[in-house]
Amino acid sequence: MTTAISRFTPDPEYAAPEPVPAPIKGVEGLLRWETTPREEAFATAGAMSKPSFTYNEVYGQFVTVHQYIDVPPEKVYEYLTDIRSMNEYTYSIRDFAPTGVPDVYVGRDTLLDDETKIFMRIDGDPKALTVDMRCAWDQGDELWMNYLHRIVPAEPVLDMSGSVIIWTSCRHPYYDKNPHPELAPNAGRPWVGDMWPLFYAGHQIEIDNLKKILEHRFGSRSARITGSVKAP
(Lines give C-alpha, C1' and ligand atoms only; values in the text may rest on other atoms or scores of the structure.)
Protein backbone atom coordinates (compact mmCIF):
# COMPACT_ATOMS: atom_id res chain seq x y z
CA MET A 1 0.00 0.00 0.00
CA THR A 2 1.26 3.50 -0.85
CA THR A 3 1.95 5.51 2.27
CA ALA A 4 1.66 9.27 2.65
CA ILE A 5 5.44 9.52 2.98
CA SER A 6 6.18 7.52 -0.16
CA ARG A 7 3.72 9.61 -2.19
CA PHE A 8 5.81 12.68 -1.48
CA THR A 9 9.22 11.13 -2.12
CA PRO A 10 11.12 13.06 -4.81
CA ASP A 11 10.86 11.62 -8.30
CA PRO A 12 14.15 9.75 -8.88
CA GLU A 13 14.18 10.95 -12.49
CA TYR A 14 14.01 14.61 -11.49
CA ALA A 15 17.17 16.56 -12.29
CA ALA A 16 17.78 19.44 -9.89
CA PRO A 17 18.87 22.77 -11.41
CA GLU A 18 22.39 24.10 -11.03
CA PRO A 19 23.03 25.83 -7.66
CA VAL A 20 23.39 29.10 -9.55
CA PRO A 21 21.24 28.75 -12.69
CA ALA A 22 22.78 30.16 -15.84
CA PRO A 23 20.05 32.83 -16.38
CA ILE A 24 20.95 34.55 -13.08
CA LYS A 25 24.73 34.18 -13.04
CA GLY A 26 25.19 37.72 -14.30
CA VAL A 27 22.74 39.33 -11.87
CA GLU A 28 24.60 41.36 -9.27
CA GLY A 29 23.53 41.84 -5.67
CA LEU A 30 21.43 38.70 -5.20
CA LEU A 31 21.36 37.26 -1.69
CA ARG A 32 20.98 33.49 -1.96
CA TRP A 33 22.01 30.54 0.19
CA GLU A 34 24.39 29.27 -2.50
CA THR A 35 26.39 32.52 -2.59
CA THR A 36 25.91 34.08 0.85
CA PRO A 37 26.88 32.33 4.14
CA ARG A 38 24.11 32.00 6.70
CA GLU A 39 25.90 34.27 9.15
CA GLU A 40 26.15 37.04 6.56
CA ALA A 41 22.53 36.59 5.51
CA PHE A 42 21.28 36.83 9.09
CA ALA A 43 23.47 39.88 9.70
CA THR A 44 21.96 41.54 6.64
CA ALA A 45 18.44 40.70 7.78
CA GLY A 46 19.23 42.05 11.24
CA ALA A 47 20.52 45.31 9.81
CA MET A 48 17.27 45.67 7.85
CA SER A 49 15.16 45.13 10.98
CA LYS A 50 14.63 47.90 13.53
CA PRO A 51 12.44 48.44 16.60
CA SER A 52 10.59 51.15 14.70
CA PHE A 53 10.29 52.54 11.19
CA THR A 54 9.24 55.91 9.83
CA TYR A 55 5.97 56.20 7.95
CA ASN A 56 7.88 56.86 4.74
CA GLU A 57 10.03 53.74 5.18
CA VAL A 58 6.92 51.57 5.40
CA TYR A 59 4.39 53.43 3.26
CA GLY A 60 6.45 55.75 1.08
CA GLN A 61 5.60 54.02 -2.21
CA PHE A 62 2.85 51.53 -1.35
CA VAL A 63 0.13 51.45 1.29
CA THR A 64 -1.39 48.06 2.08
CA VAL A 65 -4.05 47.26 4.66
CA HIS A 66 -5.49 43.85 5.55
CA GLN A 67 -8.56 42.57 7.30
CA TYR A 68 -10.26 39.30 8.15
CA ILE A 69 -14.01 39.24 7.48
CA ASP A 70 -16.19 36.37 8.62
CA VAL A 71 -18.20 36.37 5.40
CA PRO A 72 -17.78 34.10 2.33
CA PRO A 73 -15.43 35.45 -0.37
CA GLU A 74 -18.19 35.54 -2.98
CA LYS A 75 -20.30 37.85 -0.79
CA VAL A 76 -17.33 40.15 -0.22
CA TYR A 77 -16.67 40.23 -3.97
CA GLU A 78 -20.28 41.05 -4.78
CA TYR A 79 -20.29 43.88 -2.27
CA LEU A 80 -17.00 45.43 -3.41
CA THR A 81 -17.93 45.34 -7.10
CA ASP A 82 -21.24 47.13 -6.45
CA ILE A 83 -20.42 50.82 -6.75
CA ARG A 84 -23.33 51.69 -4.47
CA SER A 85 -21.37 50.13 -1.60
CA MET A 86 -19.09 53.19 -1.63
CA ASN A 87 -21.90 55.12 0.04
CA GLU A 88 -21.72 52.74 3.00
CA TYR A 89 -18.17 51.80 3.93
CA THR A 90 -16.05 54.71 2.69
CA TYR A 91 -15.62 57.81 4.82
CA SER A 92 -16.27 60.37 2.11
CA ILE A 93 -17.15 58.97 -1.35
CA ARG A 94 -20.82 59.48 -2.18
CA ASP A 95 -23.53 59.61 -4.82
CA PHE A 96 -22.03 57.73 -7.77
CA ALA A 97 -24.08 57.95 -10.97
CA PRO A 98 -23.46 56.50 -14.44
CA THR A 99 -21.81 58.69 -17.07
CA GLY A 100 -21.86 58.56 -20.85
CA VAL A 101 -18.73 56.38 -20.73
CA PRO A 102 -19.55 52.70 -20.17
CA ASP A 103 -18.71 51.47 -16.66
CA VAL A 104 -17.39 54.87 -15.54
CA TYR A 105 -19.29 56.59 -12.72
CA VAL A 106 -19.06 60.08 -11.27
CA GLY A 107 -19.64 60.93 -7.63
CA ARG A 108 -18.46 63.26 -4.87
CA ASP A 109 -15.46 62.93 -2.60
CA THR A 110 -16.30 65.02 0.45
CA LEU A 111 -12.92 64.43 2.10
CA LEU A 112 -11.75 68.04 1.76
CA ASP A 113 -14.77 69.94 0.44
CA ASP A 114 -18.32 69.36 -0.79
CA GLU A 115 -17.66 69.92 -4.49
CA THR A 116 -14.82 67.63 -5.58
CA LYS A 117 -15.87 65.17 -8.27
CA ILE A 118 -14.46 61.66 -8.33
CA PHE A 119 -14.68 59.35 -11.34
CA MET A 120 -14.42 55.57 -10.98
CA ARG A 121 -14.48 52.29 -12.84
CA ILE A 122 -14.43 48.94 -11.03
CA ASP A 123 -12.64 46.05 -12.73
CA GLY A 124 -13.45 42.73 -11.09
CA ASP A 125 -12.52 39.12 -11.77
CA PRO A 126 -14.89 36.74 -9.95
CA LYS A 127 -12.65 33.71 -10.51
CA ALA A 128 -9.48 35.36 -9.23
CA LEU A 129 -11.47 37.32 -6.60
CA THR A 130 -9.69 40.55 -7.50
CA VAL A 131 -11.36 43.96 -7.42
CA ASP A 132 -9.44 46.88 -8.90
CA MET A 133 -10.94 50.33 -8.43
CA ARG A 134 -9.64 52.85 -10.98
CA CYS A 135 -10.44 56.44 -10.10
CA ALA A 136 -9.39 60.08 -10.25
CA TRP A 137 -10.41 63.44 -8.90
CA ASP A 138 -11.80 66.15 -11.20
CA GLN A 139 -11.70 64.24 -14.52
CA GLY A 140 -12.50 60.78 -15.87
CA ASP A 141 -10.22 60.49 -18.88
CA GLU A 142 -7.24 59.14 -16.93
CA LEU A 143 -8.19 56.99 -13.95
CA TRP A 144 -4.77 57.00 -12.34
CA MET A 145 -5.62 56.32 -8.68
CA ASN A 146 -5.77 52.56 -8.24
CA TYR A 147 -7.15 50.72 -5.22
CA LEU A 148 -6.18 47.08 -5.72
CA HIS A 149 -8.08 44.45 -3.73
CA ARG A 150 -7.51 40.74 -3.44
CA ILE A 151 -10.02 38.59 -1.60
CA VAL A 152 -8.51 35.38 -0.24
CA PRO A 153 -10.58 32.47 1.13
CA ALA A 154 -9.61 32.30 4.80
CA GLU A 155 -9.82 28.51 5.04
CA PRO A 156 -6.39 27.66 3.53
CA VAL A 157 -4.53 30.62 5.09
CA LEU A 158 -6.08 30.94 8.56
CA ASP A 159 -7.92 27.62 8.95
CA MET A 160 -11.12 29.63 9.40
CA SER A 161 -14.22 30.29 7.38
CA GLY A 162 -14.60 33.70 5.79
CA SER A 163 -12.28 35.96 3.84
CA VAL A 164 -9.04 37.87 4.07
CA ILE A 165 -8.92 41.16 2.16
CA ILE A 166 -5.66 42.72 1.00
CA TRP A 167 -5.97 46.31 -0.26
CA THR A 168 -3.00 48.11 -1.81
CA SER A 169 -2.56 51.64 -3.13
CA CYS A 170 0.46 52.67 -5.20
CA ARG A 171 1.96 56.14 -5.11
CA HIS A 172 1.44 57.29 -8.68
CA PRO A 173 3.49 60.42 -9.57
CA TYR A 174 0.26 62.42 -9.82
CA TYR A 175 -0.15 62.14 -6.06
CA ASP A 176 2.82 64.50 -5.78
CA LYS A 177 1.62 66.94 -8.44
CA ASN A 178 -1.91 67.60 -9.62
CA PRO A 179 -1.89 67.11 -13.41
CA HIS A 180 -5.01 69.25 -13.88
CA PRO A 181 -5.12 72.00 -11.24
CA GLU A 182 -7.41 74.03 -13.49
CA LEU A 183 -10.18 71.45 -13.00
CA ALA A 184 -10.36 71.83 -9.21
CA PRO A 185 -13.68 73.30 -8.00
CA ASN A 186 -11.75 76.10 -6.28
CA ALA A 187 -8.16 77.27 -6.39
CA GLY A 188 -7.55 76.78 -2.68
CA ARG A 189 -8.57 73.13 -2.43
CA PRO A 190 -5.77 70.85 -1.17
CA TRP A 191 -4.71 67.97 -3.41
CA VAL A 192 -5.43 64.30 -2.70
CA GLY A 193 -1.70 63.59 -2.63
CA ASP A 194 -1.33 65.90 0.35
CA MET A 195 -3.19 63.21 2.29
CA TRP A 196 -0.69 60.40 1.52
CA PRO A 197 0.71 60.46 5.09
CA LEU A 198 -2.81 59.56 6.25
CA PHE A 199 -3.53 56.87 3.65
CA TYR A 200 -2.75 53.96 5.96
CA ALA A 201 -5.04 55.24 8.70
CA GLY A 202 -7.78 56.26 6.28
CA HIS A 203 -7.83 52.95 4.45
CA GLN A 204 -7.65 50.98 7.69
CA ILE A 205 -10.71 52.87 8.93
CA GLU A 206 -12.57 52.03 5.72
CA ILE A 207 -11.60 48.36 5.66
CA ASP A 208 -12.72 48.15 9.31
CA ASN A 209 -16.04 49.71 8.24
CA LEU A 210 -16.25 47.08 5.51
CA LYS A 211 -15.81 44.28 8.04
CA LYS A 212 -18.45 45.66 10.40
CA ILE A 213 -21.02 46.15 7.65
CA LEU A 214 -20.55 42.78 5.98
CA GLU A 215 -20.53 40.79 9.22
CA HIS A 216 -23.62 42.67 10.37
CA ARG A 217 -25.38 42.12 7.05
CA PHE A 218 -24.51 38.48 6.48
CA GLY A 219 -23.89 37.39 10.08
CA SER A 220 -20.49 36.48 11.41
CA ARG A 221 -19.77 32.95 12.61
CA SER A 222 -19.58 34.07 16.24
CA ALA A 223 -22.96 35.79 15.95
CA ARG A 224 -24.50 32.67 14.43
CA ILE A 225 -23.10 30.52 17.21
CA THR A 226 -24.56 32.75 19.93
CA GLY A 227 -27.82 33.07 18.04
CA SER A 228 -27.77 36.86 17.93
CA VAL A 229 -27.92 36.81 14.12
CA LYS A 230 -30.05 34.42 12.15
CA ALA A 231 -28.00 32.15 9.92
CA PRO A 232 -28.51 32.80 6.19
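The values are calculated or read from the model by the stated rules, or taken from the named source; none is laboratory data. Remember, it's a predicted structure, so these values are computed and weren't measured experimentally. When we count neighbours, we look across all protein chains shown, and the Cβ atoms used for this are built from the backbone with ideal geometry, even at glycine. The protein model used for the area step is the full one, side chains on, heavy atoms only, and it has no ligands, DNA or RNA in it. Shrake-Rupley method; radii C 1.70, N 1.55, O 1.52, S 1.80 Å.
Would you please list the contacts, defined by Cβ atoms under 7 Å and residues six or more apart or on different chains, that run from a residue in region 117-134 that is hydroxyl-bearing (S, T, Y) to a residue that is in a loop (DSSP other than H, G, I, E, B) and surrounded by fewer than 19 Cβ atoms within 10 Å (Cβ to Cβ)?
none
Would you be able to tell me the number of residues in region 8-52 that are in a loop (DSSP other than H, G, I, E, B), surrounded by 10 or more Cβ atoms within 10 Å (Cβ to Cβ) and hydrophobic (A, V, I, L, M, F, W, C)?
Qualifying residue count for the region: 3.
Just checking, does region 65-76 include any residue being open to solvent by less than 100 Å² (accessible area, probe 1.4 Å) and closer than 30 Å to D141 by Cβ?
Yes: region 65-76 contains one or more residues that are open to solvent by less than 100 Å² (accessible area, probe 1.4 Å) and closer than 30 Å to D141 by Cβ.
Inside region 160-208, can you point out the residues that are β-branched (V, I, T) and more than 30 Å from V71 (Cα to Cα)?
V192
If the requirement is being modelled with pLDDT under 95, β-branched (V, I, T) and surrounded by 15 or more Cβ atoms within 10 Å (Cβ to Cβ), which of these qualifies: V229, V192?
After ruling out the rest, the residue left standing is V229.
With (1) assigned to a helix (DSSP H, G or I); (2) in contact with a Lys or Arg (Cβ under 9 Å, 6 or more places away or on another chain); (3) farther than 30 Å from L198 by Cβ as the list, and E57 as the residue in question, which single condition is left unmet?
(3)
Take the conditions over 15 Å from G124 (Cα atoms) and either outside any strand (DSSP E or B) or open to solvent by 10 Å² or more (accessible area, probe 1.4 Å) (or both) and apply them to D103. Does it pass?
When the stated conditions are applied, D103 does not pass them.
Being of a type in the set (S, T, Y) and more than 34 Å from the chain's Cα centre (by Cα) is the filter here, so list the residues in region 18-37 that pass it.
Result: T35, single match.
If we only count strands (runs of 3 or more DSSP E) wholly inside region 108-185, which ones have 2 or more residues that are open to solvent by 20 Å² or more (accessible area, probe 1.4 Å) and charged (D, E, K, R)?
117-125, 130-137
Please work out if N209 is within 18 Å of the chain's Cα centre (by Cα) and modelled with pLDDT of 95 or more.
It is true that N209 is within 18 Å of the chain's Cα centre (by Cα) and modelled with pLDDT of 95 or more.
Considering region 54-104 alone, what residues qualify as being among the hydroxyl-bearing types (S, T, Y) and closer than 18 Å to I166 by Cα?
Y59, T64, Y68, Y77, Y79, T81, S85, Y89, T90
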